[in-house]
Amino acid sequence: MNRKPRIVIALGGNALGNTLPEQMAAVKITSRAIVDLMDEGYQVVVSHGNGPQVGMINNAMAALSRENPNQPNTPLSVCVAMSQAYIGYDLQNALREELCRRRGRGVPHEDVATVVTQTEVDPDDPAFLHPTKPIGHFMTEEQAHYAERAYGYVMREFPGKGWRRVVASPRPGRIVEINAIRTLVDAGQVVIACGGGGIPVTRQDLGHLRGASAVIDKDFCSCLLAEEVNAEVLIILTAVERVALHYGTPQQQWLDELTPGQAEQYIAEGHFEPGSMLPKVQAAIAFARSKPGRVALITQLEKARQGIRGETGTRIHL
Ligand code: ADP
Ligand code: MG
């Protein structure tokens, strides 16, 4: 089949900002980086994180139910769905605008569409026994105990800061809408999918999918998406130009090229911070190993074009 090589682009927090006006401005810069990659001859599929956005929506919905007793608490899965639509809306419009601007014809030949995506997780994933991911605002001890009783939340104290809800971060198992995503990608459309790692669901009897109180790591889900659309490259765009050893210390050393084996050794030596760089390196290793020829690249949003040309970034491949 004669097709353009494919890139799955995983966008980090810096690509979207923390507030509505910040996001409106950030998506313009992000869209330039994405269209830069398209102009390098690649077809792109976009995924993104949603930490600040899902936190904001979760807090807003919690305030609503405090204010109005007829409004029950909003499940986290619904908050993730809302965040996908909100981010997708801004991003697809900014992308469309950037495509119009560059193509200079008013109507680009590619459409841009966001797919509200569910990701199936294993209800027996051990992550459910050890929730680790903080969600929503800080609470007092009293509020925290109320949330435990009233909503069944798992609350954890962060010394000196207060209490916060923590949820599980299970591994992504299957992207439910993958056939729809593939169909759009095969038709040459620009697709935004798997936002925030996807809406976590578990499969029940009779085809029912049930929302889970969890969040899936966007880097792991982006790796799965990249495998499933048979991408050549997984590019994780974040706030640093390269991955480093001894990050943030005087011994810091930037990395250009790594095999999965070397990367694993650096993981074992503790070079990558859990919850930030570690999942990226783990996702990159998994993608590089999934098929010979596949390359994972971690670089800065603003350096995407140089990164894909091999001029910067950290690349992991066999
Ligand atoms: P994103 O929102 O893109 O997922 P994160 O903040 O989760 O971003 O992860 C990227 C951050 O990881 C970088 O901005 C950097 O501060 C941090 N980091 C931790 N360890 C390393 C490392 N070894 N090399 C480079 N960056 C690292
Ligand atoms: Mg992150």
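Using heavy atoms of the protein chains and a probe of 1.4 Å, the accessible area assigned to TRP163 is about 40 Å². The Rg/Rh ratio of region 163-318, with both radii computed over alpha carbons and Rh defined as the Kirkwood radius, is 1.00. For the chain, the carbon plus sulfur part of the accessible surface works out to 51%, probe radius 1.4 Å.
Expressed in units of 2.2 N^0.38 Å, where N is the residue count, the Cα radius of gyration of region 215-307 is 1.03.
The antiparallel fraction among DSSP beta bridges confined to the chain stands at about 40%.
No solvent, one uniform scatterer per C-alpha: report log10 I(q)/I(0) for the chain via the Debye equation at q = 0.14 1/Å, two decimals. With no solvent term, the Cα-only Debye profile gives -1.11.
P(r) tail for region 55-184: Cα pairs beyond 25 Å make up 45% of the total.
If you model region 77-148 as an ellipsoid using its alpha carbon gyration tensor, with each semi-axis the square root of five times an eigenvalue, the axes come out at 40, 17, 9 Å, biggest first. Value of Rg to Rh for region 178-238, rounded to two decimals, is 1.01; Kirkwood radius and Rg both from alpha-carbon coordinates.
Local charge for ALA113 was computed over the other residues whose Cβ lies under 12 Å away, with Lys and Arg +1 and Asp and Glu -1, and equals -2. Once you've got the Cα coordinates, tell me which of LYS28/LYS218; LYS133/LYS218; LYS133/LYS161; LYS28/LYS161 are over 23 Å apart. Check vs 23 Å cut-off fails for LYS28/LYS161.
With protein chains left intact and a 1.4 Å probe, residues in region 201-285 average 47 Å² of accessible area per residue. Taken over region 3-104, the ratio of Cα radius of gyration to 2.2 N^0.38 Å equals 1.28.
The relative contact order of the chain comes to 21 percent, based on Cα pairs under 8 Å that sit 6 or more residues apart.
Extending 7 Å from Cα along the Cβ direction at GLN252 and again at HIS137 yields two label points whose distance is 3.4 nm.
The values are calculated or read from the model by the stated rules, or taken from the named source; none is laboratory data. Worth saying up front: this structure is predicted, and the values here are computed from it rather than measured. All Cβ positions, glycine included, derive from the backbone under ideal geometry; neighbour counts span all protein chains shown. In case anyone asks, the SASA skips ligands and DNA or RNA and just uses the protein heavy atoms, side chains included. Shrake-Rupley method; radii C 1.70, N 1.55, O 1.52, S 1.80 Å.
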